[in-house]
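K.L.:
Pasting in a structure now, in structure tokens, and then I'll have a few things to ask.
The values are calculated or read from the model by the stated rules, or taken from the named source; none is laboratory data. Being a predicted model, the structure only gives us computed values, none of them experimental. Heads up, the Cβs are rebuilt from the backbone with ideal geometry, glycines too, and the neighbour counts pull from every protein chain shown. Calculation scope for accessible area: heavy atoms of the full protein, side chains included, ligands and nucleic acids excluded. Shrake-Rupley method; radii C 1.70, N 1.55, O 1.52, S 1.80 Å.
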Amino acid sequence: MSEQIEGRNAVLEAFRSGRCVDKLFILDGCQDGPVRTIAREARRKDTIINYVSRERLDQLSETGVHQGVIAQVAAYEYATVEDILAKAGEKGEDPFIFVLDNIEDPHNLGAIIRTANLAGAHGVIIPKRHAAGLTATVAKTSAGALNYTSVAKVTNLARTIDDLKKEGIWFVCADMGGETMYRLNLTGPIGLVVGNEGEGVSRLIREKCDFTASIPMKGDIDSLNASVAAGVLAYEIVRQRLNV
């Protein structure tokens, strides 16, 4: 399945046929009828719209005939947060959810989805903005895990965490300034929150978490790749769940 659609008719048809468009790029200043119609469809479906220069569109274009509009389309259907909770319920297990804050590299997202599947997590939650979507690159990097792992995309990550807390889920945030992960009780219903390498978990999301966990590091550099950090913390959660 294509991850990018170019041209006015093709993009408009993608919206009208119900395809899940992650991001829409429109030529800045273009106000003709077809482009306004596309923008209206995008707003109706709460799709992110980026108004960019012609140079940026030319750079993104794979066909060279974008006509001022390019849509990046999800390669897989998104689940809902309710689907993820239902999966835990069907298995009779405490929910185990990955929550990703600002993971914009599709290779990292794919690797984390793969880890989530292997660690027995019931799903992954990503935000609508400042995040990679379910592109073909993500699917390939996940090595097939995307076929079995539910990924939900939410408009407001902080509000979603608040809602899940009402369901009895505790949240642990990966942060270098946190308590060493081996000293924390990571059993029970849990959400593992991981941010990007550059900034980590954002302040607002970090403040929503119940714990912050650090990974002991003895080397000369001070951080792990986001997908590696997610794997290390996930398997500490797995270890503790096995020992309960």
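K.L.:
Testing residue 86 on (1) part of a helix (DSSP H, G or I); (2) touching a residue at least 40 places away in the same chain (Cβ under 8 Å), one condition comes back false. Which one is that?
P.N.:
Against the list (1) part of a helix (DSSP H, G or I); (2) touching a residue at least 40 places away in the same chain (Cβ under 8 Å), residue 86 comes up short only on (2).
K.L.:
Mind listing just one residue for me: the one in the stretch 207-230 that is open to solvent by less than 80 Å² (accessible area, probe 1.4 Å) and assigned to a helix (DSSP H, G or I) and, of those, modelled with the highest pLDDT?
P.N.:
208
K.L.:
List the number of the failed condition for residue 100; all other conditions in (1) assigned to a helix (DSSP H, G or I); (2) open to solvent by less than 40 Å² (accessible area, probe 1.4 Å) hold.
P.N.:
Only one criterion is unmet by residue 100, namely (1).
K.L.:
Now for a different question. Against the condition within 24 Å of residue 130 (Cα to Cα), among the acidic types (Asp, Glu) and within 19 Å of the chain's Cα centre (by Cα), how does residue 210 come out, does it pass?
P.N.:
Against the criterion (within 24 Å of residue 130 (Cα to Cα), among the acidic types (Asp, Glu) and within 19 Å of the chain's Cα centre (by Cα)), residue 210 does not qualify.
K.L.:
Could you look through the stretch 122-138, keep only residues that are over 17 Å from residue 101 (Cα atoms) and assigned to a loop (DSSP other than H, G, I, E, B), and pick out the one that is least open to solvent (accessible area, probe 1.4 Å)?
P.N.:
This residue is 122.
K.L.:
Regarding residue 165, is this residue under 12 Å from the mean Cα position of the chain (by Cα) and of a type in the set (Lys, Arg)?
P.N.:
Answer is no for this residue.
K.L.:
Mind checking whether some residue in the stretch 10-27 is out of contact with any helix residue (DSSP H, G or I) (no Cβ under 7 Å at 6 or more places or on another chain), under 30 Å from residue 166 (Cβ atoms) and among the charged types (D, E, K, R)?
P.N.:
Yes, that holds for at least one residue.
K.L.:
Also, I was wondering about something else. Can you tell me which of 93, 62 is out of contact with any Gly (no Cβ under 7 Å at 6 or more places or on another chain), open to solvent by 60 Å² or more (accessible area, probe 1.4 Å), within 25 Å of residue 140 (Cα to Cα) and not in a helix (DSSP H, G or I)?
P.N.:
Only one candidate qualifies: 62.
K.L.:
For residue 56, are the conditions met, namely being open to solvent by 10 Å² or more (accessible area, probe 1.4 Å) and assigned to a helix (DSSP H, G or I)?
P.N.:
Judged against the criteria, residue 56 is a match.
K.L.:
Of the conditions (1) of a type in the set (Val, Ile, Thr); (2) free of Cβ contacts under 8 Å to residues at least 40 places away in the same chain; (3) under 20 Å from residue 155 (Cβ atoms), residue 97 clears all except one; give me its number.
P.N.:
(2)
K.L.:
Further question: Restrict the check to the stretch 74-88 and report whether at least one residue is in contact with a Pro (Cβ under 6 Å, 6 or more places away or on another chain) and open to solvent by less than 10 Å² (accessible area, probe 1.4 Å).
P.N.:
Checked against the condition, which is being in contact with a Pro (Cβ under 6 Å, 6 or more places away or on another chain) and open to solvent by less than 10 Å² (accessible area, probe 1.4 Å), the stretch 74-88 yields at least one hit.
K.L.:
Out of 191, 177, 195, which single residue is assigned to a strand (DSSP E or B), open to solvent by 60 Å² or more (accessible area, probe 1.4 Å) and touching a residue at least 12 places away in the same chain (Cβ under 8 Å)?
P.N.:
Result of the check over 191, 177, 195: 177.
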